[in-house]
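Scroll down for the structure; my scribbles are underneath it.
Any read-out appearing in this document is the output of simple, stated calculations on the displayed coordinates, not a laboratory observation. For clarity, every value in this text was computed on a predicted model and none was experimentally measured. Every residue, glycine as well, gets a Cβ built from its backbone with ideal geometry; the counts of neighbours run over all protein chains shown.
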Amino acid sequence: MTTLSMLDLSIAALLVLALALTARRTYPDLARQLLIAAARTAIQLTLVGLVLKTLFANVSLLWVALMAVVMLALAGREVMARQHRRFTGTWGYSIGVVSMFISSFSIALFALVVVVGHEPWYQPQYAIPLLGMLLGNTMNGIALALDRLTQSAWEQRAVIEARLVLGHTPAEAISGIRQQVFRSGMIPIINAMAAAGVVSLPGMMTGQILAGAPPVEAVKYQIMIMFLIAGGAGFGTLAAVRLGVRRLFDERARLRLDRLRR
Amino acid sequence: MFHVNGLSVRDRPALTFSLQAGELVCLSGPSGSGKTQLLRALVDLDPNQGSVTLNGASRESLPPTQWRRRVALLTADSHWWEVTVAQHFNRFDEQQVERLGLERGVGDWLVERLSSGEKQRLALLRLLANRPEVLLLDEPTANLDDANRRRVETLVRDYLEETRGCCLWVSHDPQQLDKLCDRRMTMTTRGELEAA
């Protein structure tokens, strides 16, 4: 594998810098955001590289579990931050975290033990990237779905209540919205699977090939990852929508928009 | 038949009143006095305190879906979510449709084709299809001409006679109040009820 020097990375960074300089007059805010995001990428990935280096050198279930919990906590915060009208109180945070825990963690565990089958199963070289990819994609699905759910409930309050007063159950009253919500959570992964290999070469597979892995092996890993991500994002979105809908109504089947941030 | 005891929503005054079988009671009062809020609380759409019973059964003893089928609210604006009119009905009764001056076959119409007056009359029929015992009607004739207003009034009167149900009818029309109701209540600006 050809290693990259700091000079190589600096040359790539010049591209971002050039873009920011070009855009700074017409889009000053965007240029600033671009530079901040690029700096965050460099710093965050360098830090995580150092953490992974330490983890790989000291294979321990405790350290892997700790890393997983930190990743989950940060993903939960990200899900919450991406919602325009999130649930108030601890619900705003916990719906995302619980849904991601149920789906991403159990699917990562299943993949490590049953599919990959490395000894020990918590080998950080497999466990952390797998969980990272699962969490990242599940997080996207859940964030999109919850944002759509709360926003749609807010906008279509009159229709939901019109159905409730006719004696419909909350599930019936919100059924139309629920279908759109689940669809919006699943669209990114469905699109990614449909376009994989035809329109785009997925990042993980490309990375493995660049690192010298045989293309067929890289493809097998990529297929496995995409199926796992579809499962993770799908089950995670299902759980989040279910919890979200339950929280939107109370025990007397009233629509409780006061439980959302205004 | 329908008893409301100490019902209050948020910081509004507690309200107590009853409706008897077959009775049509009109409720009037200035805008913002809380008439709609009262109707919403009666169908348990907003959190509230107090007791509401129908023929001796408290609302807490019934599932909310069943309560709202028996105590039915017609809101001032009607809302539609399916494509055609009939898709919104449990049971589409062509006879009732004609009684309200609507065309036979309106059930197959697209909702977007309906005028506001047609929507209002159809929303009432949609409500009555559940055969409720208590009708809570929030200005049900606000968008109607005289002929259709009379049709709605007659239909509701006949329904109450047939089912021995009761009705709380919100109206701002003094003529309608005089002619239609068995009893009148007024809601003050402070949200208290007074017999009129």
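Which of A:Q33, A:A158, A:M204 sits closest to the plus end of the dipole of chain A, meaning its Cα is farthest towards the positive end, when Lys and Arg get +1 and Asp and Glu get -1 on the C-beta?
The listed residue farthest towards the positive side: A:A158.
Cβ under 12 Å from A:M80's Cβ, A:M80 left aside: what net charge do those residues give with Lys, Arg +1 and Asp, Glu -1? Kindly include the intermediate steps, with their values, before the conclusion.
Working: positive: A:R77, A:R82, A:R85, A:R86, A:R261; negative: A:E78, A:D147.
After counting each charged neighbour, the total is +3.
Taking Cα centroids, how far is region B:15-44 from region A:101-178 in Å?
43 Å
Place a +1 charge on the Cβ of each Lys and Arg in chain B and a -1 charge on the Cβ of each Asp and Glu, then give the dipole magnitude about the Cα centre in debye, rounded to the nearest 20. Numbers along the way, then the final one.
Working: 25 positive and 28 negative charges, 68 e Å.
Computed about the Cα centre, the dipole is about 320 debye.
With 10 angstrom as the radius, rank A:L4, B:L144, A:L35 by how many other C-beta atoms surround their C-beta, starting from the fewest. The partial results should precede the final answer.
Working: A:L4 10, B:L144 20, A:L35 16.
Least crowded to most crowded, the residues run A:L4, A:L35, B:L144.
To make sure I understand the rule: partners must be lysines, Cα under 23 Å from the Cα of B:K119, and not fewer than 8 residues away in the same chain. Which ones qualify?
Output for B:K119: B:K35.
Run through the DSSP bridge list for region B:111-196 and note the antiparallel percent, rounded to the nearest 5.
Working: 3 of 8 bridges.
Approximately 40 percent, going by the DSSP bridge assignments.
Rounded to the nearest 10 degrees, what's the angle between the helix B:116-128 long axis and the longest principal axis of chain B, both from Cα atoms, 0 to 90?
Helix B:116-128 sits at roughly 70 degrees to that axis.
Averaged over B:78-88, how many beta carbons belonging to a partner chain fall within 10 Å of each residue's beta carbon? Kindly include the intermediate steps, with their values, before the conclusion.
Values: counts 2, 9, 2, 9, 1, 0, 0, 0, 0, 0, 3.
Mean partner-chain Cβ count within 10 Å for B:78-88: 2.
Across peptide A:166-175, what mean number of C-beta atoms from other chains lies inside 10 Å of a residue's C-beta?
Per-residue shielding by partner chains comes out at 4.
Show me the three semi-axes of the equivalent ellipsoid for region B:2-195, from the C-alpha gyration tensor (sqrt of 5 times each eigenvalue), largest first, rounded to whole Å. Could the numbers behind the result be given before it?
Details: eigenvalues 150, 70, 50 Å².
Semi-axes (√(5λ), whole Å): 27, 19, 16.
So what's the back-of-envelope 222 nm ellipticity for chain A, counting only DSSP H runs of four-plus at -39500 (n - 2.57) apiece and dividing by all residues, rounded to 500? If you can, show how the numbers build up before the last one.
Numbers: 11 runs with 192 residues, N = 262.
The helix contribution divided over chain A gives -24500 deg cm²/dmol.
What does the net charge come to around B:E23 if you take all other residues with beta carbon closer than 13 Å to its beta carbon, with K and R at +1 and D and E at -1?
Details: positive: B:R157, B:R164, B:R183, B:R184; negative: B:E133, B:E161, B:D182.
Its environment carries a net charge of +1.
Give me the one-decimal Kirkwood hydrodynamic radius in Å for chain A, with the sum taken over alpha-carbon pairs. Intermediate values should be presented prior to the final figure.
Working: mean 1/r = 0.0482 Å⁻¹.
After inverting the mean inverse Cα-Cα distance, the result is 20.7 Å.
Per the helix-only calculation at 222 nm, which mean residue ellipticity applies to chain B, given -39500 (n - 2.57) for every DSSP H run of n ≥ 4 and division by its residues, nearest 500 deg cm²/dmol?
On the way: 6 runs with 59 residues, N = 196.
Calculated at 222 nm, the ellipticity per residue is -9000 deg cm²/dmol.
Could you give the Stokes-Einstein D for the protein assembly as shown in µm² per second, using the C-alpha Kirkwood radius, 25 °C, 0.890 mPa s?
Numbers: Rh = 26.6 Å.
For the chosen part, D equals 92 µm²/s.
So which cysteines in chain B don't have a second cysteine's C-beta under 4.7 Å from them?
B:C166, B:C167
Would you list A:I102, A:I223, A:I107, A:I36 from fewest to most Cβ contacts within 10 Å? Could you put the intermediate results ahead of the total?
Numbers: A:I102 18, A:I223 15, A:I107 25, A:I36 11.
Ranking A:I102, A:I223, A:I107, A:I36 by Cβ neighbours within 10 Å, fewest first, gives A:I36, A:I223, A:I102, A:I107.
If you find the alpha carbon centre of region A:187-239 and of region A:3-62, how far apart are they in angstrom?
Comparing the Cα centres of region A:187-239 and region A:3-62, I get a distance of 23 Å.
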